[in-house]
Amino acid sequence: MELDWGNLGFGYIKTDFNIRCNYSNGAWGEITIHQDEYLTLHMAATSLHYGQESFEGLKAFRGKDGKVRIFRMRDNALRMQDSSDGTMMARVPVEIFEEAVVKAVTLNERFVPPYESGASLYIRPLLFGSGPQVGVRPSAEYMFIVFVTPVGPYFKGGFQTTPFVIMREYDRSAPLGMGKFKVGGNYAASLVAGERAHQLGYSNIFYLDAKEKKYIDECGAANFFGIKDNTYVTPKSTSILPSITNKSLMTLAADMGLKVEQRHIPVEELATFEEAGACGTAAVISPIERIDDYDEKKSYVFAPDGKPGPVCDKLYHKLLAIQYGDEADQYGWVTLVE
Ligand code: PLP
Ligand code: COI
């Protein structure tokens, strides 16, 4: 089978192998290799009833040199451990996480898209309670799985801006709730709002903090950043996912000579940004054209000509260059797969 590397979307394509590891009797077992895409699961598994589930998303890239590089997998391993702590699931040890990710990439190497395509291999680790419970309590057994699937460059026609919408009738997560963890329930909770935004022609909902509706939280399933006065500003909030892309962009911005501020951002401050972006693994940076405030009938425009601003552009290309190995990895973010 030959894939059309230049026209991949962001969807599931079957690959050859998935990697698994089970936890029971208080210990993790052996890492095993599977070809089956299906699972046999107890119908009373806690993941199915009580949402004991978390996942991660990271990517592997093929460079001009033909070598495959995995981006910041240790950070994803640590974030999955935080998600475990937040849902009382067993923690996947970093060594097991990393070994499973490397195995999944190595065994499915033929699915890592060629350099020229601008596509990459998306890696999806997931962890869930697999043991039966009917009372609300944590499972005694867990399954950790890593599968991979090739995905296209997020922007088919090149790096593009999109509009977002503020709607105060939807919250993604509570200030002391689960928003800071990468758990499935957060995504279920975002589907109605996301669908509404799509129907209205927006790329996604722009969430404000749930308590006061005063500060910026996240843009759909991505972190927000704004650029003004040579400063990179991103929200500090207890209800957003700590994005590894955002963390990387903060480092790159500081090294480019920008000031970096992580703080509360009042919604009205949107009027002062010269550029704005949503960031995450899937798109790296999704530059924001404008944010419409649906309730207040206001519009914050960042890209009147529809084009990404110069700082977004520079950060985007810099991060991609490190991921593809075009530029030296001076930060130790990349794992070369041998
Ligand atoms: N925020 C949410 C809710 C997400 O689902 C994601 C995607 O993973 C992000 C932010 C971006 O995080 P990262 O840069 O680690 O992919
Ligand atoms: C991202 O990678 O930016 C995401 O939001 C992942 C999404 C598919 C859950």
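The numbers here are math on the coordinates, done by the rules we state, and not lab data. Please read these numbers as outputs of a predicted model, since none were measured by experiment. Heads up, the Cβs are rebuilt from the backbone with ideal geometry, glycines too, and the neighbour counts pull from every protein chain shown.
Remarks
- Measuring nothing but how far apart in sequence close Cα pairs (under 8 Å, 6+ apart) lie, relative to its length, the range 5-151 scores a relative contact order of 37 percent.
- When only Cα pairs below 8 angstrom with a gap of at least 6 residues are kept, the range 223-338 shows a relative contact order of 24 percent.
- Charges were assigned to the Cβ only: +1 to each Lys and Arg, -1 to each Asp and Glu. The resulting dipole of the range 162-323 about its Cα centre is roughly 420 debye.
- Dimensionless Rg over Rh [the range 1-128; C-alpha; Kirkwood]: 0.99
- Taking Lys and Arg as +1 and Asp and Glu as -1, the other residues whose beta-carbon sits under 13 Å from that of Cys219 total -2.
- Expected-Rg normalisation [2.2 N^0.38 Å, Cα atoms] applied to the chain: 1.00
- Considering only beta bridges that DSSP places wholly inside the chain, some 85 percent are antiparallel.
- Charge dipole of the range 81-214 about the Cα centre (unit charges at C-beta), most positive-ward option of Gly129, Gly118, Ile205: Ile205
- For the range 96-221, the equivalent ellipsoid built from the Cα gyration tensor has semi-axes of 30, 27, 11 Å, listed from largest to smallest.
- For the chain, relative contact order (Cα pairs under 8 Å, six or more residues apart, normalised by length) works out to 19 percent.
- Qualifying lysines (Cα of each under 19 Å from Cα of Lys247; at least 8 residues distant if same chain): Lys59, Lys180, Lys182, Lys228, Lys236, Lys259, Lys314, Lys318
- Gyration tensor analysis over the Cα atoms of the range 162-323 returns equivalent ellipsoid semi-axes of 23, 18, 15 Å (largest first, whole Å).
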